[in-house]
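Just below is one structure, and these are the notes that go with it.
The values are calculated or read from the model by the stated rules, or taken from the named source; none is laboratory data. Note that the coordinates shown come from a computational prediction; the quantities given were computed from them, not determined experimentally. When we count neighbours, we look across all protein chains shown, and the Cβ atoms used for this are built from the backbone with ideal geometry, even at glycine.
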There are 2 protein chains.
Amino acid sequence: MDTPAAAPKVTFDVHPSRYRHWTLSVEGEVARLVMKVQPFGGQSSELELKSNSYDLSVDIELADAVQRLRFEHPQVKVCLITSGHEKIFCAGANIYMLASSTHPFKVNFCKYTNETRLAIEDASQHSGLKFLAACNGATAGGGYELALACDEIVLTDDGSSTVSLPEVPLLGVLPGTGGLTRVVDKRKVRRDLADAFSTLAEGVKGKRAVEWGLVDAVVPRSKFADTVAQRARELAARSPALDRGPGIQLDAIQPKIDGAAFQYRHVSLKIDEKTRTAELTVRAPAGEVPKTAAEALAKGADGYAIRMARELDDALLRLRFDHETVGLVIVRTEGDRAISHAVGELLSGPEKDSWILRETRLNLARTLRRLDVTARSFFAVVDEKSCFSGPLFELLVACDRSYLLDAGGVRLWPGALSGGALPGWNGLSRLQTRFLAQPEQAQKVLAAAKEGPLEAASANKLGLATVFADDIDFEEELRVAVEERASLSPDALTGMEQNYRFAGPETLATKIFGRLSAWQNWIFIRPNATGERGALTMYGKPERPQFDYRRT
Amino acid sequence: MDTPAAAPKVTFDVHPSRYRHWTLSVEGEVARLVMKVQPFGGQSSELELKSNSYDLSVDIELADAVQRLRFEHPQVKVCLITSGHEKIFCAGANIYMLASSTHPFKVNFCKYTNETRLAIEDASQHSGLKFLAACNGATAGGGYELALACDEIVLTDDGSSTVSLPEVPLLGVLPGTGGLTRVVDKRKVRRDLADAFSTLAEGVKGKRAVEWGLVDAVVPRSKFADTVAQRARELAARSPALDRGPGIQLDAIQPKIDGAAFQYRHVSLKIDEKTRTAELTVRAPAGEVPKTAAEALAKGADGYAIRMARELDDALLRLRFDHETVGLVIVRTEGDRAISHAVGELLSGPEKDSWILRETRLNLARTLRRLDVTARSFFAVVDEKSCFSGPLFELLVACDRSYLLDAGGVRLWPGALSGGALPGWNGLSRLQTRFLAQPEQAQKVLAAAKEGPLEAASANKLGLATVFADDIDFEEELRVAVEERASLSPDALTGMEQNYRFAGPETLATKIFGRLSAWQNWIFIRPNATGERGALTMYGKPERPQFDYRRT
């Protein structure tokens, strides 16, 4: 088994001008994202990232590029993803990196890459930013999974380049970035062909790749560039008519770090390694907030809702990668409820289709969904100082539990934003997921809050409190609950939360995070994969792996 | 890690007259199923099954009882499940049994108990056989999960009896029999309350259990029997008007066992431990088959379709429990295609709503779904001798791949039965699942087969062959495929198959088998559960478990 050594520290603060592995260029409606992984430019300078194989540092740049396209280049309708190598598109996640990683890092790495792929699909679905995978060479494993996240896949027809998912036959693990799910559920490849494909280490090429539905077209090398450019133009032409603005620049987040405390402008994260808990505080805006889309645009990346979501995102990622033993996050909010409410109302108000408000909202939704698949427990605490209002109300319903103080001056203020603008992975609003048994209840909550903030007692009556206790009991109940939670098996909690957080309808995403990832996690710790003679361990060595052939 | 010791042998040949743990009694429309687990009457005579805790032998009797109710007592509209103990309903799966089992046995045990719970729901949904859990005492873990599978849950209100899912807080594993899924997806308990409930070792009782939606009613001990009887009558009154017959007796299956070969009347299973493969052959009926429901009823349990499905079910279970290293099953069929076709046409013909045909069909559907979650690869082989016709055609589309010989005399004959009467776990017919990308294709196949058996070439053109090869290549291609398959990581294959076999819509069942079980399997092999100081290992010992607190 792996040792409890800390995973290497990761930075999410990247910028196109400093990308090591990707080049992002924009020309009118079309962007090009070219992957040329710097072999010794990854997270570990000792690990060679051959054949456009990637590690986390490569995926962080990809996620950054997709994010910047949406905010900095909203006029772009198509992003072409291709490789800067001659004969290889992408070989997927680096095997040696995976084989030498701890189990928690492997799982978190896959989770992050999955979020990036789903962000690509989110951009396609909601921002009219279509993606075209121009697979100009071998497209293997995670490379093919990246292509699967795109709207179209074009493969070069050079007699040798294939698409493949060689994980099962070569590594004894699953394609970990949604490949299986997208093959049968997105591209709807016949399941028997999918089975044959996924056990064929060498992959499938040419006409057969098209016939099986694995790619949309194969094109001879001589016509590849032209055809891809032509298809990109066609994709752009089909992109829906959305408001697209001039773009804003995303600045760096850079929290002040003081020991185990991270101070952002609107967010604080305090880690207590000893009790294995963290306190996450999100503050409402301090002063005036924009009243129109134009004012929001003028604020640029300084705008509260953009900045707050990006800070929260950064905090969640630091928690995941750098503070593995913190199992419980106490979520608090602070500030002026009326101001926070106003932020939410603008985001879902009459101007909601303006590009800046749309992208701000979509970004907030993505960040909240990042929380939904963060393998930590979240308890929201609501007291007199709290500001669960507007966008911050959504934090309450994202948490596993809410502790509501029964006292005057304690108020909750859900707004229009909670009516569906910030869907969870299951496609429902978090209020809908909460009230699966009484679908009308979500509307009741929102209707009641239209009159103004909800007093604690009525919020409790409306079903917004897991625990509702008065001054005398509140702190004690919370203290006991926190201690108990932090004492339970971290694995059982993760499993439980992943079954409870997306009740209701299933989507591609819930299948990926709920089903595929769970199987992958299981396989990752089986000796057949990561044992001394497991397939992942033995990869690249002359000996064959040895399996315990009991089928389970 | 567990050693590759064989799991104890299991018998599925049980009968109410020989039940050790349950008593089944029938009075008119109401059946009573009373659980009183014989403490030393389980699979292992050394393990005491205290407090109505169960092992596989207990669940086999439960599954048998549900099955017999449908065939032997089709007039029963409500089955009351209760306990023969004073103060305890059921304590769930026996912890010491679980803790001392191998990983494959644990997983197979949970799979079987899940299938039993889903069979209860299948009877409720399709056979008008409603279930009422009369929880006359503590209802914990798997005990509560059994209640969750019922249509109604009534709990005694005696000041102490609770319902609980103490697995997470006490054992560091998940409730393994669908509990989490049914709490939020079937009973639609609010997810924050579900979270609180599932970490509360002592459970929830009385009014709160009703308020949270965990049970339908709590009733004082003095009124318990009357209230339950009254609710049973009401449930019976609401049971839909379905044809209900006089019942038939189910005889024992008892195959001839010759070394590693199992000979049934219509099924043969030959195990080859050396190559880790098995050959499963299903034969068409030998002679005349019934043309009407009355003739089918007259045949009783000797009727082909009932007997064949029960034999296939038995063979699959023997494979799962007694031949763990067999990873690949070659599925063959033999016999007269016209006769087999006639069987299918009767089952889905004008008399299909008669109780005997309905139950025969539902039973076949359950058996095929047993195959769908059997963690083995299945390859169908179609040659001149084959009879993939009528009910046996469904085997072809249940398999992971089909190898179709390109030769004269090779024919496939899908019939009306494949048009939706035998849904997979996702609720779709297997043809629909196969052709997710072209929903019209399933109809095309059936329309073509209305004219008569499909010649090999047209079956291939219709998309029914994974591999279509002529005499010269067929055996060689199959041989290579079999060898390859048997050489791959058994874990990766299981994960892959569980992601491919139920593409498309999600149901309670796909969530249970796809998501919940996968998380449970992961947790089962984590040191935090089953390591030397894991919670499952330490259960009942004076020391506390020790956790590696990294959240994953």
Mind checking which residues of the range A:444-487 are away from every other protein chain (no Cβ under 14 Å) and of a type in the set (A, V, I, L, M, F, W, C)?
A:Leu446, A:Ala447, A:Ala448, A:Ala449, A:Leu454, A:Ala456, A:Ala457, A:Ile472, A:Phe474
Among the residues of the range A:213-224, is any touching a Leu at 6+ places or on another chain (Cβ under 8 Å) and of a type in the set (Ser, Thr, Tyr)?
no
Which count do you get for residues in the range B:154-189 that are outside any helix (DSSP H, G or I), at the interface with chain A (Cβ under 7 Å from one of its Cβ atoms) and either buried (at least 24 other Cβ atoms within 10 Å of the Cβ) or among the aromatic types (Phe, Trp, Tyr) (or both)?
3
Going through the range B:194-222 one residue at a time, which ones are closer than 23 Å to A:Ala492 by Cβ, over 28 Å from the mean Cα position of the chain (by Cα) and part of a helix (DSSP H, G or I)?
B:Ala196, B:Ala209
When you scan the range B:443-471, how many residues do you find that are over 15 Å from B:Val410 (Cα atoms) and of a type in the set (A, V, I, L, M, F, W, C)?
4
Within the range A:398-443, count every residue that is of a type in the set (S, T, N, Q) and within 11 Å of chain B (Cβ to nearest Cβ).
5
Pick from A:Ser127, A:Ser198: which is closer than 25 Å to A:Leu371 by Cβ, of a type in the set (S, T, N, Q) and modelled with pLDDT of 95 or more?
A:Ser127
Those residues that are among the aromatic types (Phe, Trp, Tyr) and farther than 22 Å from A:Gly424 by Cα, I need them from the range A:112-139; list them, please.
A:Phe131
Do we have any residue at all in the range B:130-140 that's assigned to a loop (DSSP other than H, G, I, E, B), in contact with a strand residue (DSSP E or B) (Cβ under 7 Å, 6 or more places away or on another chain) and either within 14 Å of chain A (Cβ to nearest Cβ) or of a type in the set (Ser, Thr, Tyr) (or both)?
no
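Among what's in the range A:22-49 and is among the charged types (D, E, K, R) and more than 26 Å from the chain's Cα centre (by Cα), pick the residue that is farthest from A:Gln230 (Cα to Cα).
Among residues in the range A:22-49 that are among the charged types (D, E, K, R) and more than 26 Å from the chain's Cα centre (by Cα), the one farthest from A:Gln230 (Cα to Cα) is A:Glu46.
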Those residues of the range A:411-430 that are over 19 Å from the mean Cα position of the chain (by Cα) and surrounded by 24 or more Cβ atoms within 10 Å (Cβ to Cβ) come to a total of 5
Which of (1) touching an Asp or Glu at 6+ places or on another chain (Cβ under 7 Å); (2) of a type outside the set (Val, Ile, Thr); (3) in a strand (DSSP E or B) does B:Ser268 not meet, given it meets every other one?
(1)
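With respect to B:Arg479, is the statement that it is among the basic types (Lys, Arg) and either touching a residue at least 24 places away in the same chain (Cβ under 8 Å) or touching a Gly at 6+ places or on another chain (Cβ under 8 Å) (or both) true?
The answer is no for B:Arg479.
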Please work out if B:Ser517 is within 23 Å of B:Leu180 (Cβ to Cβ) and more than 8 Å from every other protein chain (Cβ to nearest Cβ).
yes
Scanning the range B:521-538 for residues that are among the β-branched types (Val, Ile, Thr) and in a helix (DSSP H, G or I), which turns out surrounded by the most Cβ atoms within 10 Å (Cβ to Cβ)?
B:Ile523
Within the range B:282-319, the residues that are surrounded by fewer than 16 Cβ atoms within 10 Å (Cβ to Cβ) and not in a helix (DSSP H, G or I) are B:Ala286, B:Gly287, B:Glu288, B:Lys291, B:Thr292
Which residues, counting only those in the range A:491-543, are under 21 Å from the mean Cα position of the chain (by Cα) and aliphatic (A, V, I, L, M)?
A:Leu493, A:Met496, A:Ala503, A:Leu508, A:Ala509, A:Ile512, A:Leu516, A:Ala518
More than 7 Å from chain B (Cβ to nearest Cβ), modelled with pLDDT under 95 and not in a helix (DSSP H, G or I): does that describe A:Arg551?
no
Quick count over the range B:268-308, residues being of a type in the set (Val, Ile, Thr), over 23 Å from B:Val382 (Cβ atoms) and in contact with a Gly (Cβ under 9 Å, 6 or more places away or on another chain), is 1
Going by the conditions given, is B:Lys385 surrounded by fewer than 23 Cβ atoms within 10 Å (Cβ to Cβ), closer than 25 Å to B:Phe474 by Cβ and either among the basic types (Lys, Arg) or in contact with an Asp or Glu (Cβ under 9 Å, 6 or more places away or on another chain) (or both)?
yes
Condition check: of a type in the set (Gly, Ala, Ser) and either touching a residue at least 40 places away in the same chain (Cβ under 8 Å) or surrounded by fewer than 18 Cβ atoms within 10 Å (Cβ to Cβ) (or both). Does B:Ser458 satisfy that?
yes
Taking the range B:479-511 as the region of interest, how many residues are in a helix (DSSP H, G or I), closer than 14 Å to A:Asp185 by Cβ and of a type in the set (Lys, Arg)?
0
Condition met for A:Thr494 (more than 7 Å from chain B (Cβ to nearest Cβ), among the polar types (S, T, N, Q) and touching a residue at least 40 places away in the same chain (Cβ under 8 Å))
no
Got a sec? Which of B:Leu118, B:Leu155, B:Leu148 is of a type in the set (A, V, I, L, M) and free of Cβ contacts under 8 Å to residues at least 40 places away in the same chain?
B:Leu148
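Given the condition within 29 Å of B:His103 (Cα to Cα) and either touching a helix residue (DSSP H, G or I) at 6+ places or on another chain (Cβ under 9 Å) or not in a loop (DSSP other than H, G, I, E, B) (or both), answer yes or no: does some residue in the range B:349-362 qualify? Give the derivation first.
So in the range B:349-362, the residues within 29 Å of B:His103 (Cα to Cα) come out as none.
No.
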Only one of (1) of a type in the set (A, V, I, L, M); (2) buried (at least 24 other Cβ atoms within 10 Å of the Cβ); (3) out of contact with any helix residue (DSSP H, G or I) (no Cβ under 6 Å at 6 or more places or on another chain) does not apply to A:Leu392, and that is (3)
If you go through the range A:539-546 one residue at a time, do you hit one that is more than 7 Å from chain B (Cβ to nearest Cβ) and assigned to a helix (DSSP H, G or I)?
no
